[in-house]
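Novice: For reference, the structure I am asking about is given below.
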Amino acid sequence: MFARFRARYLDLLGSIYIYNEHRGYASIDRVLEAVRTRWPEDKALIAAIEKHRADERKHYVMFRRWFERQGKMPLMVDRTCGHIDRFVEIMFGRRIDELDTDVVASDDALFARLCRVISLTERRGYRQVEILLNHPLVRSDRRLIKIFRVIEQDEPSHWAPYDGWLKTYGGREPLWWERAVDSFIHAELLFLKLPILFLNPWLKRRDEWADAHEPAEALASPISAAA
Ligand SMILES: [Fe+2]
Ligand SMILES: [Fe+2]
């Protein structure tokens, strides 16, 4: 009984993570494109976002290997379990896929808003990983712990470029209500969506990997020793 509970929990946790990692690097690709067009001279900013993108891709690959080793595909979780998806939907009133990043980058106020959303999401990710590293169910899976350790190392450099942009270009820091939105999204996932998915016996597995149709250059990633 406990073994089944544990397996289901880790299965779902891994599925939510791999969804978010993929969403992360795919969305950063669009941010990068817009930043390269708007601030081509800011090489440090571009390099920092490129590093962020490479890390998120690396995280995705680590979770993919974790599933492959178990001989199974991730569970089918969608954008309702994506922290950044929900955050963008609430802050911009549209889905990530519908967000025109060129328009956002051409308006300082909108780009500042996006920077705050990404920064808060990354900080949330870091805090979550700290919790999971001490979680007894997670600790029972050696490979998963290895993955979360890599994420823990990478995460602090992820909010830096966006905080840096806010400082350099005069954007304000997140206000209390933006932090409250972040907390709300997290609570919604933890206390509402996760239990529903956990108990849903009809929840299917993906039939293909999220990066199955991505061009070769998007798949390139420096992969570390983890997983
Ligand atoms: Fe990540
Ligand atoms: Fe990250």
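Novice: Can you name the residue in the range 19-49 that is basic (Lys, Arg) and open to solvent by 50 Å² or more (accessible area, probe 1.4 Å) and, of all such residues, is farthest from residue 81 (Cα to Cα)?
Specialist: 43
Novice: Of all the residues that make up the range 185-227, how many are at pLDDT 95 or above, closer than 22 Å to residue 125 by Cα and loosely packed, with under 11 Cβ neighbours inside 10 Å?
Specialist: Going through the range 185-227 one residue at a time, the tally reaches 0.
Novice: To continue, here is another question. Sort through 165, 177 and tell me the only one that's part of a helix (DSSP H, G or I) and in contact (Cβ under 8 Å) with a residue 12 or more places away in the chain.
Specialist: Answer to the selection: 165.
Novice: Given the conditions (1) in a loop (DSSP other than H, G, I, E, B); (2) open to solvent by less than 80 Å² (accessible area, probe 1.4 Å), which single one is not true for residue 109?
Specialist: Result: residue 109 passes all but (1).
Novice: Name every residue in the range 112-135 that is away from ligand 1 (no atom under 15 Å from the Cβ) and under 13 Å from residue 174 (Cα atoms), in order of residue number.
Specialist: 112, 113, 114, 115, 116, 117
Novice: State which residue pairs qualify: first residue over 30 Å from residue 48 (Cα atoms) and more than 16 Å from ligand 1 (Cβ to nearest atom) and inside the range 1-28, second residue in a helix (DSSP H, G or I) and open to solvent by 40 Å² or more (accessible area, probe 1.4 Å) in any location, beta carbons under 8 Å apart, and separation of 6 or more residues or different chains.
Specialist: Once the first residue is over 30 Å from residue 48 (Cα atoms) and more than 16 Å from ligand 1 (Cβ to nearest atom) and sits in the range 1-28, its partners that are in a helix (DSSP H, G or I) and open to solvent by 40 Å² or more (accessible area, probe 1.4 Å) give 8/198; 9/198; 12/198.
Novice: Hey, residue 96 hits all of (1) open to solvent by 50 Å² or more (accessible area, probe 1.4 Å); (2) within 16 Å of residue 21 (Cα to Cα); (3) at pLDDT below 95 but one; which does it fall short on?
Specialist: Exception for residue 96: condition (1).
The values are calculated or read from the model by the stated rules, or taken from the named source; none is laboratory data. Please read these numbers as outputs of a predicted model, since none were measured by experiment. So basically every Cβ, Gly included, is an ideal-geometry build from the backbone, and we count neighbours across all protein chains shown. Protein only, heavy atoms only, side chains kept; ligands, DNA and RNA dropped before computing areas. Shrake-Rupley method; radii C 1.70, N 1.55, O 1.52, S 1.80 Å.
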